[in-house]
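Novice: Structure provided below as structure tokens; questions to follow.
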Amino acid sequence: MESKMKIIGGTQLKGKISAQGAKNAALPVMAAAILLKGKTLKIERVPNLLDVVTMADLLRSLGAEVRFRDHEMEISTPEEISWETPPDLVRKMRASSLVLGPLLARCGKAVMPLPGGCSIGSRPIDLHLKGLTRMGASIELVHGAVHARADGLRGCRIYLDFPSVGATENLMMAAVFAQGETVLENTAREPEIFNLVEALRSMGAFIDADGTGVIRIKGVDDLESASATVIPDRVEAATYILAGAATNGEVTVSEVIPNHIDSLLAKLEEAGASMTVKETEVTIHPSGRLKAVSLKTLPYPGFPTDLQPQVMVALCLAEGTSVVQESVFQSRFLHVSELNKMGAKIDIQSNSAIINGVESLAGADVIATDLRAGAALVLAGLAARDITYIHHLGHIFRGYENMEEKLCAIGADIAILPSEEDSKGDSQALRS
Ligand code: EPZ
């Protein structure tokens, strides 16, 4: 039975939240364990999330042993592993496509259903497949599944048409055993990429990544057991800072790396927010009504698309008209109709949202359509004058560990209730 969230809004949040390990760093590092043959990868600060459980199940289905307790994970892979990924798990989580590169590098073949699109866009993996083909893989699409084979991948120069996070990660992992050097150009530069680089280096890979969008990988014969630590989740941390902004509260988020969210902090400052930034924590102070600002989402270090729904909530309450342009995904505005149900005044024109600030939002019954849209609805519920119910919580539990507990600890009034409606197909919310 899918659950729903009941939020009694209107309270100024006050207190400190510590950030979880980054979901989008943990998932590729977990996939990198496939490269180890009969060895072990230890990973610290793994967040307890639905997506992490899905990736662990996917690795187990290939033959790996995964132990996961108290944010510590140990992945051991046998000498021989399967190269065929189970369709149900791949369809559940797009990030499953991150096993393609490691499987090809390790086994010389891989069969993987094409990951479906989702509510934010068609989410193709053409850049992943184009790069693997350049490295010598033969790729066939058979009944909606990728059948890839490679008798040894060759190092080469690959220019990414778009700095895709997943394609950068997949191709980097595919290159670790390739013959010679692989040079990836126009790569993604998100912090999670460098977390993966560090993990692969600790396993013995030769990777040079200087943050300029060029990554050089020299092929090696084998990798060794290693340990890796997941960086703080910049998107989760920024979500809670924006919870402070939306409720005019005083919220400190600790165990973060502030410069990973520079673009958000700069935008909040431009909007008149008062903040204190220390080495590993950020505090937003009661700042009164923010001023409207405009922004465009871009690949890192630009404003992150994963914060676009959440920042929109703060702008719904700002004084004036803001314009938010979504340039990374095709259709990442499904949260707009739900926010408008709560009294927001947002118009969509092509890939831009025109937001006319209102004094306050009103509680409503709303539906989470994807992970970050769901997070935005929580922020709107916290800011609204009365009661909000959020349905399809499974989306939220995919990326936020103990969200309701963390928010209640700083003054929010949130309860998770069984949902009356019989919602089919939604994954059971992870109750950690
Ligand atoms: C990663 O997804 C993140 N997921 C996403 O976070 C994030 O929104 C995205 O990067 C952008 O920052 C994980 O890291 C697990 P992309 P990914 O490849 O790798 C197009 C969240 O909320 N594209 O950088 O799938 C694609 O359609 C999630 O935590 C192609 O056209 O993102 C999109 O428009 C949501 N062809 C754009 O590039 C390709 O082969 C960015 O995609 C690959 C991508």
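The values are calculated or read from the model by the stated rules, or taken from the named source; none is laboratory data. Worth saying up front: this structure is predicted, and the values here are computed from it rather than measured. FYI the Cβ positions are ideal-geometry reconstructions off the backbone, even for glycines, and counts take in every protein chain you see. Just so you know, the surface numbers come from the protein's heavy atoms only, side chains and all, with ligands and any DNA or RNA stripped out. Shrake-Rupley method; radii C 1.70, N 1.55, O 1.52, S 1.80 Å.
Novice: Looking at the chain as a GNM with Cα springs under 10 Å, which of P163, P47, P102 has the largest mean-square fluctuation?
Specialist: P163
Novice: Out of the total accessible area of the range 23-229 (probe 1.4 Å, heavy atoms of protein only), what percent is carbon and sulfur?
Specialist: That share works out to 48 percent.
Novice: How long are the three semi-axes of the equivalent ellipsoid of the range 1-94, in whole Å, if each is the root of 5 times an eigenvalue of the C-alpha gyration tensor, listed from largest down?
Specialist: 32, 17, 9
Novice: Would you work out which of L393, V29, L49 lies farthest towards the positive end of the dipole of the chain? Charges go on Cβ: Lys and Arg +1, Asp and Glu -1.
Specialist: V29
Novice: Run the numbers for L298 and F68: contour at 0.36 nm per residue of separation, minus the present Cα-Cα distance, in nm.
Specialist: Roughly 79.4 nm would be gained on extension.
Novice: If contacts are Cα pairs under 8 angstrom and at least 6 residues apart, what is the relative contact order of the range 23-229 in percent?
Specialist: Result for the range 23-229 is 20 percent.
Novice: If the only charges are +1 at each Lys and Arg Cβ and -1 at each Asp and Glu Cβ, what is the size of the charge dipole of the range 23-229 around the Cα centre, to the nearest 20 debye?
Specialist: Using Cβ point charges on Lys, Arg, Asp and Glu, the range 23-229 gives about 280 debye.
Novice: What lysines sit close enough to K296 to cross-link, taking a C-alpha to C-alpha distance under 16 Å and skipping anything fewer than 8 places away on the same chain?
Specialist: Correct list for K296: K267.
Novice: Okay, next question. Using a 1.4 angstrom probe on the protein heavy atoms only, line up Y159, Y400, Y389 by accessible area, largest first.
Specialist: Greatest to least solvent exposure: Y159, Y389, Y400.
Novice: Provide the gained length on full extension for the span E269 to E255, in nm with one decimal, where the gain is 0.36 nm per separating residue minus the Cα-Cα distance.
Specialist: 2.9 nm
Novice: Can you check what the Kirkwood hydrodynamic radius comes to for the chain, Cα pairs only, in Å to one decimal?
Specialist: About 22.0 Å, per the Kirkwood formula over Cα pairs.
Novice: Moving on to the next point. Where does helix 165-174 land angle-wise versus the long Cα axis of the chain, in degrees 0 to 90, nearest 10?
Specialist: 20 degrees
Novice: While we're on this one: So how far apart, in nm, are the two label points at S337 and R149 if each is 7 Å from Cα heading toward Cβ?
Specialist: 4.6 nm
Novice: Ok, one more. What is the local net charge at I396, summed over the other residues whose Cβ is closer than 10 Å to its Cβ (Lys, Arg +1; Asp, Glu -1)?
Specialist: Local charge sum for I396: 0.
Novice: Taking only protein heavy atoms into account and a 1.4 Å probe, give the accessible area per residue of the chain in Å².
Specialist: 38 Å²
Novice: Given the -39500 (n - 2.57) contribution per DSSP H run of 4+ residues, what per-residue ellipticity at 222 nm results for the chain, rounded to the nearest 500 deg cm²/dmol?
Specialist: -8500 deg cm²/dmol
Novice: Restricting to Cα pairs below 8 Å that are 6+ residues apart, what does the relative contact order work out to for the chain? Please round to a whole percent.
Specialist: 21 percent
Novice: Over its Cα atoms, what ratio of radius of gyration to 2.2 N^0.38 Å does the range 23-229 give?
Specialist: That works out to 0.91 for the range 23-229.
Novice: Moving on to the next point. I'd like the orientation of helix 371-383 relative to the chain: the angle between its Cα long axis and the longest Cα principal axis, in ° from 0 to 90, rounded to 10.
Specialist: The angle comes out near 20 degrees.
Novice: By how many degrees, 0 to 90 and rounded to 10, does the Cα axis of helix 191-202 deviate from the longest principal axis of the chain?
Specialist: For helix 191-202, the angle is close to 30 degrees.
Novice: Quick check on the range 23-229: of the DSSP beta bridges with both residues there, what percent are antiparallel, nearest 5%?
Specialist: 75 percent
Novice: Same structure, new question: Under the 0.36 nm per residue contour assumption, what length would be gained going from the current alpha-carbon distance of C118 and E279 to full extension?
Specialist: 54.3 nm
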